[in-house]
1. Dipole magnitude of the chain about its Cα centre, charges +1 at Lys/Arg Cβ and -1 at Asp/Glu Cβ only, in debye to the nearest 20?
2. Can you return the lysines within cross-link range of K75? Criterion is Cα-Cα under 19 Å, with same-chain partners fewer than 8 residues away left out.
3. What does the C-alpha gyration tensor say about the overall shape of the range 150-273? Classify as rounded when a/c is under 1.5, otherwise prolate if a/b is larger than b/c, or oblate.
4. How much area per residue is accessible in the range 139-273 when the probe is 1.4 Å and only protein heavy atoms are counted (Å²)?
5. Considering only protein heavy atoms and a 1.4 Å probe, what is the carbon-and-sulfur percentage of the accessible area of the range 86-176?
6. Quick check for the range 96-255: number of Lys pairs with alpha-carbon distance under 20 Å, counting only pairs 8 or more apart or on different chains?
Amino acid sequence: MAGLIKVWNVASRQEIWSFECSDLEWLSWHHSAHVILAGTSDGDVWMWKIPSGECKTMEGQRCQTTFGKIMPDGKRCCTGYEDGSVRIWDLKDTKAVQTFSGHTGHNGGITSLDCHSDNSLVISGSTDSTAKILNSNTGKVIATFDAGPPASDDESNSVEAVGFSKSLSLAAVGSLNGIVGVWDVSTQIKRNECKHEAGIVRLQWDYNSPLIYTACLDGVVRLWDGRSGQVMSKWVGHMGEILDMAVTRDGNSIVTASGDKTARVFAVSKPDR
């Protein structure tokens, strides 16, 4: 991707800020401040106040940063890298306070991250077909979940999406073999599986219930009951694979972007969830 960022005022449709950096790998708004974080191909993580443009940089080790997530306290972030490492950063002094690498990291690049509401646990997904639960305060690995074999012998089974439930002690792990494994965080036992017809690209738990939205390579968005593993609803319309998905906080809309060069907004009716 290019390294040009533009911020627009939606009401006035006016551009209020822009910046150009090296190639971007991910971008995220702070959940409680007018701040943007972005990771680049050269491994740096940039942080800007909007619209002033005041900037801080968390320097990488010349290893591509592949994913980033701001933690619930808003004071730290976690970032994943191509070498399988995960770092926890203090946003105020831009220093790494924890690093998971080697035997505490992954054997493949990081593809996804999520933070638990307790502000301590972080879950990471990797191309090595595993997900790990990490304690961001102690630097210890709490659990490692195996996503299982690939769908066919000539494919890999990268974990592409991970997430913590916001209502129960559950974590979801989605991979290219089309399976979302739902794990009990406290016992580290797999509760059930949500089996798809194609590889998983993104997943997101509902904000108020143990339901999981998934987006797949077949262009379909599905809603699952995380307790039973049963599909509740489907949204179709894309002619290509889904590349990204977001669900609004009120749960009324799903936004997707696809390889068919379209973005779609799906309405979610209350009976579906």
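The values are calculated or read from the model by the stated rules, or taken from the named source; none is laboratory data. Predicted model only: the values in this text are computed from it and were never measured. Please note: Cβ atoms are built from the backbone with ideal geometry, for glycine as well, and neighbour counts cover all protein chains shown. What goes into the accessible areas is simple: the full protein's heavy atoms, side chains included, and nothing from ligands, DNA or RNA. Shrake-Rupley method; radii C 1.70, N 1.55, O 1.52, S 1.80 Å.
1. The dipole of the chain has a size of about 960 debye.
2. Here the lysines satisfying the reach criterion relative to K75 are K49, K56, K92, K95.
3. oblate
4. 47
5. 47
6. On the way: K132/K140; K132/K166; K132/K190; K166/K190; K195/K234.
Counting lysine pairs in the range 96-255 gives 5.
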